[in-house]
Structure formats: C-alpha cells, structure tokens
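Please treat every number below as a calculation from the coordinates, not as lab data. Bear in mind that the values here come from a model prediction, so they are computed numbers and not experimental data. For neighbour counting, all protein chains shown are included, and Cβ atoms are generated from backbone atoms with ideal geometry for every residue, glycine included.
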Amino acid sequence: MTNNNAPIVDAKIEDIVTIVKLTPADSEFYITDGGFVGLKMNGDDKGRVQLMKMRPFSDEDGYISVRDMEEKDKEHGIVYAIDTFPAEQQKMVRDELALRYFTPSIIDVTDIKEEYGYTFIKADTSAGKREFVMRDLSNNIIFLSQTKALLVDTDGNRYLVPELRKLNDKALRVIGVWA
C-alpha cells in the first residue's frame, strides 16, 4: 500500500509542471481588432492575452508569462527572450508591458504626512508631480535592496525609489528608513 501523502522526493520539475517555451518558430504576437495584444500558437489563434513579467526588476526583456485573458490561471507559455521575435512583435509586447508596469521613479518627496492610518505623499517623479496615498506602509513598501524600494499606493500604482538615501529625513523616518 502506498502513502499518497508522502512527499515526492525523486520527481523533477519537468515531471510535475509543463513549461511551454514560446519562440518565433511557433508563436506570433499580433494586435487584435480591439487594439490589444493577441497570440497565435502553431496557427491556433488564442485571442487577446495577458503579459506578465516573471522577473520584473531583474530581467526587462525576458521571462514573460503569456496568459489566457478568460482563464487567468491558464498559461499559454513563456517568452524567454523577446528580442528573438521580429521587431514589430517586440514593440507590441514591450508597449503592452510598459502600460502594465508603468512605474515612475521618485526623484524627491516634497511633502509627506500621516493621518488616520494613511500616508499622504507629494512627490516629484520621472512622470511629473504626483500626489498619492498609501495605507499600511509595512505591507506596501517593498525593499528591493538596501538602497531601492517600491511604494504601492491605495490604487495599486507603483512608484520606484531608486536611491532611498536621497530622500529627505522626514520621508526616510516615515517609510521606516533611517539615514
């Protein structure tokens, strides 16, 4: 009698998960009638797809998960390197990812205050002046390294702080970094 709860010790990842590598030989990105990115695989039109970076901060042009728009958990495959695709398709994919991962860099925090459990921030960013609100800082500040952080506001927008130590002392204290 076998124990179905016993851990699988000798299994390889390939035995458990099917990973489909998308290449220009079998895959083609196109713009749908609605103006979105679509995918054809081996001649089969998958329609509009969702593109997600698997390593958004360490690999700009690779490891892109291509997912079904209707079944969010269904992955059609992974693009290991977008630069292997024709230039027109690269542009489509990069433009779509730029919209999804729009992350302005914070150049300076001009005002920051805490009220009623919320943090109100006014900042100069790479996309101009922005005002945003954050709640529960401990869960919405992601320290990417000792010098870099990602702030996520109440609307889910992301702001990159490329050099924490360049922020003013008040901003550093509020977000939990001491100079």
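Quick notes
- With 0.36 nm allotted per residue and the present C-alpha distance subtracted, the TYR101-ASN157 stretch has 19.3 nm of extension available.
- Reduced Cα scattering model of segment 106-175, Debye log10 I(q)/I(0), q = 0.14, 0.17, 0.21, 0.26 Å⁻¹: -0.35, -0.53, -0.86, -1.41
- Helix content alone sets the calculated 222 nm mean residue ellipticity of the chain: runs of n ≥ 4 DSSP H residues at -39500 (n - 2.57) each, divided across all residues, give -4000 deg cm²/dmol.
- Pairs of Cα atoms nearer than 8 Å and 6+ residues apart set the relative contact order; for the chain it is 12 percent.
- Flagged links, alpha-carbon separation over 32 Å, of LYS53/LYS166; LYS21/LYS122; LYS72/LYS148; LYS72/LYS129; LYS72/LYS170; LYS91/LYS129: LYS21/LYS122; LYS72/LYS129; LYS72/LYS170
- For GLU96, net neighbour charge (Lys/Arg +1, Asp/Glu -1) across residues whose Cβ lies under 14 Å away: +2
- The stretch between THR32 and ARG135, if pulled fully straight at 0.36 nm per residue, gains 33.3 nm over its current Cα-Cα span.
- Helix 87-100 and the long axis of the chain differ in direction by around 40°, with both axes built from C-alpha atoms.
- Across the chain, Cα-Cα pairs farther apart than 19 Å form 66% of the total.
- Taking a quarter of the surface of the Cα convex hull of segment 13-100 gives a mean projected area of 6.1 nm².
- Taking other C-beta atoms within 10 angstrom as a stand-in for reagent exposure, SER58, SER65 fall in the order SER58, SER65, fewest first.
- Inter-label distance, nm, simple model (7 Å from Cα along the C-beta direction), ASP124/MET69: 4.0 nm
- Mean Cβ neighbour count within 10 Å, used as a protection proxy, ranking 73-85, 137-149 highest first: 73-85, 137-149
- DSSP bridge pairs, the chain: antiparallel proportion in percent, nearest 5: 95 percent
- With the simple spin-label model, which puts each label point 7 Å out from Cα in the Cβ direction, the LYS148 to ARG48 separation comes to 3.2 nm.
- Ranked packing of 96-105, 117-126, most packed first, by mean Cβ within 10 Å: 117-126, 96-105
- Calculated FRET value between ARG55 and THR23, using beta carbons and R₀ = 22 Å, to 0.05: 0.70
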